[in-house]
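Q: Have a look at the structure that comes next, please.
What follows is calculated from the coordinates using simple rules that are stated; it is not laboratory data. Please read all numbers here as calculations on a predicted model, not as lab measurements. Neighbour counts are summed over all protein chains in view; Cβ atoms, including those assigned to glycine, are modelled from backbone coordinates with ideal geometry.
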Amino acid sequence: MSVVDRIAQVGKDRVPFSVEFYPPRDEAAEARLWRAARTFEPMRPAFVSVTYGAGGSTRDRTVRVVGQLAETTTLLPVAHLTAVGHSVSELRSMIGAYADRGIHNVLVLRGDPQGGVHEEWIKHPDGLEYAVEMVELVRELGDFHVGVASFPEGHPRSVDLEQDTANLVNKLRAGAEYSITQMFFDVDDYLRLRDRVMAADPEQGAKPLIPGIMPITSLRVLRRQCELSGSQIPADLLDRLTEAAGTGPEENRDEVRKIGIDLATEMSARLIAEGAPCLHFCTLNFAKATAEVLTNLGMTARV
Ligand SMILES: Cc1cc2nc3c(=O)[nH]c(=O)nc-3n(C[C@H](O)[C@H](O)[C@H](O)COP(=O)(O)OP(=O)(O)OC[C@H]3O[C@@H](n4cnc5c(N)ncnc54)[C@H](O)[C@@H]3O)c2cc1C
């Protein structure tokens, strides 16, 4: 089943949500991932996505985890795939590997240069320049349902929001069925992106624009995630979190977590009221914080 069909199906009787995992590096992380997957399973998320490490560094692990999710759980897995560091023939073989494991939902991304999102992008000599080309490639290769990334604050390398929006619209026109946004902390940024896409092309604007939400549980982890993704932490939020974290050698995670869960709950409630099609939670392979937000929203009680 496609992500879009699943969202429509789930959306008939409750607000759909989805979760994002990353492929684990060791046994302890592996155990944590499967605990999280088993916790979420009875809550019936619309889908679960599994990230793809920079430059294909998690290639085998991503394929194995999405395969296992498809084979051993009732969850609908979505495999991320990035173009960075891959030739077209390597990308073809990755897509073949997903198909062999029964995976037909793929989130296609360009990926970031090794040094991070702000480093100069250098295309693989036999690879692709932009994610839009990968949308075309994946669709050409068979029966795949493709999603893409979107950026409420604009992609960190983009200088012009209108051009950035046009690039998203191009990916949707090329056949992407939905997009998932980068994490953000100001709901107005999401709403403005939705308005820009709708104004640029109402047909593409009707496709699901799924907000990415990260329940904050640690200031240190948040800073790291924002450094990697290029997302901005609004100044007032950063002040509150810094004060809550305290000045001791270890941050006061209980206080930070409380602000993070309340914020994710408030943002989610507003996004639901504004008609967001699905809430996508970046879980970092922990179920507890996301489950707490869902409970606050009354979304787990309806399971
Ligand atoms: C939901 C989500 C999941 C992610 N998962 C992963 C993951 O699993 N692994 C990972 O490594 N990274 C992941 N990323 C990060 C992503 O790879 C980076 O943000 C990357 O920098 C952009 O990827 P893209 O697919 O949006 O690229 P593109 O759509 O190719 O855009 C890249 C830049 O080029 C610009 N652009 C696009 N087309 C054109 C054009 N024709 N002319 C000029 N400029 C153009 C865009 O505006 C943007 O600035 C994820 C991001 C999101 C939002």
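Q: If only one of 117, 108 is crowded, with 20+ Cβ neighbours inside 10 Å and of a type in the set (A, V, I, L, M), which one is it?
A: Exactly one residue qualifies, and that residue is 108.
Q: Select from the range 120-134 the residues that are more than 9 Å from the ligand (Cβ to nearest atom) and in contact with a Leu (Cβ under 9 Å, 6 or more places away or on another chain) and list them in ascending order.
A: The one that is more than 9 Å from the ligand (Cβ to nearest atom) and in contact with a Leu (Cβ under 9 Å, 6 or more places away or on another chain): 127.
Q: Of the residues that make up the range 184-196, is at least one part of a loop (DSSP other than H, G, I, E, B) and either over 16 Å from the mean Cα position of the chain (by Cα) or within 12 Å of the ligand (Cβ to nearest atom) (or both)?
A: For the range 184-196, residues part of a loop (DSSP other than H, G, I, E, B) and either over 16 Å from the mean Cα position of the chain (by Cα) or within 12 Å of the ligand (Cβ to nearest atom) (or both): present.
Q: Something else: Would it be correct to say that residue 154 is at positive phi, in contact (Cβ under 8 Å) with a residue 24 or more places away in the chain and either more than 21 Å from the chain's Cα centre (by Cα) or buried (at least 16 other Cβ atoms within 10 Å of the Cβ) (or both)?
A: No; evaluated as a whole, the condition is false for this residue.
Q: If you don't mind, there's one more thing I want to ask. Determine the pairs where a residue that is in contact (Cβ under 8 Å) with a residue 60 or more places away in the chain, located within the range 29-49, has a partner that is crowded, with 17+ Cβ neighbours inside 10 Å and charged (D, E, K, R) with Cβ atoms under 7 Å apart, the partner being 6 or more residues away or on another chain.
A: Filtered contacts from the range 29-49: 46/6; 49/20.
Q: Might you let me know whether the range 256-271 holds any residue that is in a loop (DSSP other than H, G, I, E, B) and either surrounded by fewer than 20 Cβ atoms within 10 Å (Cβ to Cβ) or of a type in the set (Val, Ile, Thr) (or both)?
A: Among the residues of the range 256-271, not one is in a loop (DSSP other than H, G, I, E, B) and either surrounded by fewer than 20 Cβ atoms within 10 Å (Cβ to Cβ) or of a type in the set (Val, Ile, Thr) (or both), which makes the answer no.
Q: Six or more apart or on different chains, Cβ atoms under 7 Å: show the pairs whose first residue is in the range 130-143 and within 11 Å of residue 95 (Cα to Cα) and whose second is within 9 Å of the ligand (Cβ to nearest atom).
A: From the range 130-143, the pairs are 134/83; 134/108; 134/128; 138/108.
Q: With in contact with a strand residue (DSSP E or B) (Cβ under 8 Å, 6 or more places away or on another chain) and farther than 29 Å from residue 63 by Cα as the only criterion, which of 146, 197 stands out?
A: That would be 197, the only listed residue that is in contact with a strand residue (DSSP E or B) (Cβ under 8 Å, 6 or more places away or on another chain) and farther than 29 Å from residue 63 by Cα.
Q: So which residues in the range 33-69 are charged (D, E, K, R) and farther than 28 Å from residue 110 by Cα?
A: If the condition is that a residue be charged (D, E, K, R) and farther than 28 Å from residue 110 by Cα, then 35, 38, 41, 44 are the ones that fit.
Q: Here is a further query. Could you say which residue among 54, 79, 83 is within 13 Å of the ligand (Cβ to nearest atom) and surrounded by fewer than 20 Cβ atoms within 10 Å (Cβ to Cβ)?
A: 54
Q: Does residue 174 satisfy being surrounded by 15 or more Cβ atoms within 10 Å (Cβ to Cβ), in contact with a strand residue (DSSP E or B) (Cβ under 9 Å, 6 or more places away or on another chain) and closer than 28 Å to residue 8 by Cβ?
A: Yes.
Q: Need pairs with beta-carbon distance below 6 Å; first residue free of Cβ contacts under 8 Å to residues at least 24 places away in the same chain and closer than 24 Å to residue 178 by Cβ and within the range 71-93, second of a type in the set (Ser, Thr, Tyr) and surrounded by fewer than 23 Cβ atoms within 10 Å (Cβ to Cβ); sequence gap 6+ or separate chains.
A: Short answer, once both residue conditions are applied: none.
Q: Output the number of residues of the range 104-144 satisfying the condition of being more than 29 Å from residue 2 (Cβ to Cβ) and basic (Lys, Arg).
A: So the count comes out to 1.
Q: Does residue 222 count as touching a residue at least 60 places away in the same chain (Cβ under 8 Å), assigned to a helix (DSSP H, G or I) and under 19 Å from residue 151 (Cβ atoms)?
A: In short, no.
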